[in-house]
Structure formats: C-alpha cells, structure tokens
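*Asks:* Provided herewith is a single structure, encoded as structure tokens, for subsequent inquiry.
The values are calculated or read from the model by the stated rules, or taken from the named source; none is laboratory data. Everything quoted here is computed from the prediction, not taken from an experiment. Glycine also receives a Cβ, built like all others from the backbone with ideal geometry; neighbour counts cover every protein chain displayed. Just the protein is used for accessible areas: all its heavy atoms, side chains included, with ligands, DNA and RNA removed. Shrake-Rupley method; radii C 1.70, N 1.55, O 1.52, S 1.80 Å.
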Amino acid sequence: MTFLRRSVLLLYSALIVAPLYFVVVTVFKSSPDFYAHPLGWPLPPTWTNLLRLFREQPLWQYFRNSVQVTAGTVLLVLLLGSMIAYAIVRFRGRTAGLLFMIFAAGLMVPSQVNMLTLYDLARKLNLSDRPLGLILFSSALLLPLAVFMLSGFMKLISRELLEAGSLDGCGEWSLYWRIAVPLVAPSLASTAAFLLVVVWNDLLLPMLLLGSKSRLTLPLAILQFRGEYVTDYPMLLTGVVVTSLPLVVMFLFLQRYFIAGLSEGALKG
C-alpha cells in the first residue's frame, strides 16, 4: 500500500515538473535549438529571448495595463461582493434568499454564452477598447462568484456580536465596515488571491473588448508571438514565464491570509 501511494505521488509530481521543465529550458533556447532539440537542455543557454522581449515589445506598458485592470476589478468585486454578502447574511428572509439565488444562478451561465451581448453592450455604451469597460464587465462576470464565496464566510460572524454593536449605536455601515470586514479579512484575502489569478490570466474578455495595441494586457500581448504559419515558441514561453512571475510574488505575499481564510472556513464550516 505504501509503495502504491508513493508511486502515485511520484507520477503526480512528474506530471507537474515535466511541463515546468519544458517551459523553463525553452526560455533559454534559440528557435533553431528549440526545433532541433525540443526537450533537450539548451546548448548553449542564451538570454536572447528575455532581451528581445523587453527591447522589442512595450512590455512595461502591457504590465501597467494588466495591473490597472486587475487591481480595479479585484477591488470593485471585493467591495460590492462583501457588501452584498453582508446584506444577504444580515437580513435573512425571502428577499435575501431570492437575492442569493439570483447571484448563484449567475454561476450557472458560462461567460462565453454572453460574449456577443457583452460586445454589443460595450459598443453601445462606448466602453469598448477602454480599460474602464474591461474592469466593469469583468467585475460583473465575477461578482456572482465573489458573493457566493463571501456569503459562506459572512455566515461565520456571530449574530450576537452584530446585535451588540447595533445596541451600542452602530449603524449598518459601521457594523459592516468596523465589525464584519475585520472579522472576515483573511477570507477577503483568500478571495482576492483567487480573483487575482482569474483576472490576471483572463484572455477571452480582453480579446473581445480591447483592440488598440497600446491597451493590451500581458496575456493578450503574448499572442503576438503566435504566427499564422510559424510560432516563435521560445519567445511565447518566455512571455508566459514573465507574465506568471507577478502572480507568484502576489501569492507569496497573500499565502498566509489565503491559508488562514481556507482554514477558518474548514474549521467553522
């Protein structure tokens, strides 16, 4: 039994390490070397792909666009999602239950189904090819997920604590901002970490709404290395690595809060 368990873990590790090895070694290969030895070690290793990526592409502009869209979307979704989740948990009843069911129903509809409608709406509202439009539409698509996640965390707050705050003269805004938000801060951080990955890596919605090259996000800009007949895989995978690094750094900073939020839900749920 122990041998079987270790064999499964070893196979699982190989499935994770093999693609990672392929991506990392390709970053340090030239195109001829890649096509000659796709899985071999780069001989010799070269920094040409990284240098070309930063010299030939306005990478910092794409990075700024991604940060702008990701930060705006995550902050807006967390603010609205936490307020709606608080209202659903705080004012229990048919109206709150119906509101929760409406947002839960939003999770059942794939975002791809609404692409034509979203594009037409963005064009009519003059929000196409604008970061604000991408932020608003991304927030609308992710809000049901945030409400669903945060409602479960908000239910862990003691109603007696909220009632005590209400008796002390706190209004609903004070109860939300001074009591509910600090208590679910680890859960907000774990939700934020999940949203960061989703928004940062999103390709479909930016492809639908953004047209100007100066407003591309990083994942969308990477597609420029994919040609109609020939794809520059070393440059493409170099872009993938550079795009993934900010997510790794963000997760390292949010890891403690992410684990704390999951642990809180597991222990009290």
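*Asks:* Run the Debye formula on the Cα coordinates of the chain, all scatterers equal and no solvent, and tell me log10 I(q)/I(0) at q = 0.11, 0.15, 0.16 1/Å.
*Replies:* Evaluating at q = 0.11, 0.15, 0.16 Å⁻¹ gives log10 I(q)/I(0) of -0.80, -1.17, -1.24.
*Asks:* Taking all protein chains as present, what is the carbon and sulfur share of the accessible area of the chain, in % to the nearest whole number, probe 1.4 Å?
*Replies:* Here carbon and sulfur together make up 70 percent of the probe-accessible area.
*Asks:* What residue among P58, A18, L183 has its Cα farthest toward the positive end of the dipole of the chain, where the charges are +1 on Lys, Arg and -1 on Asp, Glu, each on the Cβ?
*Replies:* L183
*Asks:* Check each of the trypsin sites (Lys or Arg not before Pro) in region 62-128 and keep only those in coil by DSSP with at most 13 other C-beta atoms within 10 angstrom; list them in order.
*Replies:* R92
*Asks:* Sorted by packing (mean other beta-carbon atoms within 10 Å per residue), highest first, where do 27-34, 135-142 land?
*Replies:* 135-142, 27-34
*Asks:* Between V181 and I16, what FRET efficiency follows from the Cβ-Cβ distance if R0 is 35 Å, with the result rounded to 0.05?
*Replies:* Calculated transfer efficiency: 0.45.
*Asks:* At 0.36 nm per residue, minus the direct Cα-Cα distance, what do R6 and R226 gain on full extension? Give it in nm, one decimal, please.
*Replies:* 75.2 nm
*Asks:* Which one, G93, P45, V74, is farthest towards the positive end of the dipole of region 32-173 when Lys and Arg carry +1 and Asp and Glu -1 on their Cβ?
*Replies:* Highest projection toward the positive end goes to G93.
*Asks:* How much length is gained if the chain between M250 and L167 is pulled fully straight, taking 0.36 nm per residue apart and subtracting their Cα-Cα distance, in nm to one decimal?
*Replies:* Values: separation 83, 0.36 × 83 = 29.88 nm, distance 3.99 nm.
Here the answer is 25.9 nm.
*Asks:* With every protein chain kept in place and ligands, DNA and RNA left out, what is the accessible area per residue of the chain? Probe 1.4 Å, answer in Å². Write out the running numbers ahead of the final one.
*Replies:* Values: 16140 Å² over 269 residues.
That works out to 60 Å² for each residue.
*Asks:* Using +1 on the beta carbon of Lys and Arg, -1 on that of Asp and Glu, and nothing else charged, what's the dipole of region 57-268 about the Cα centre, debye to 20?
*Replies:* 180
*Asks:* May I pose another question? Per-residue ellipticity at 222 nm for the chain, helices alone: DSSP H runs ≥ 4 residues times -39500 (n - 2.57), over residue total, nearest 500 deg cm²/dmol?
*Replies:* -23500 deg cm²/dmol
*Asks:* Something else now. Give me Rg over Rh for region 84-225, both radii from the alpha carbons and Rh done the Kirkwood way, two decimal places.
*Replies:* 1.07
*Asks:* Along the Cα→Cβ direction, 7 angstrom out, place labels at V198 and F54. What is the inter-label distance in nm?
*Replies:* 3.3
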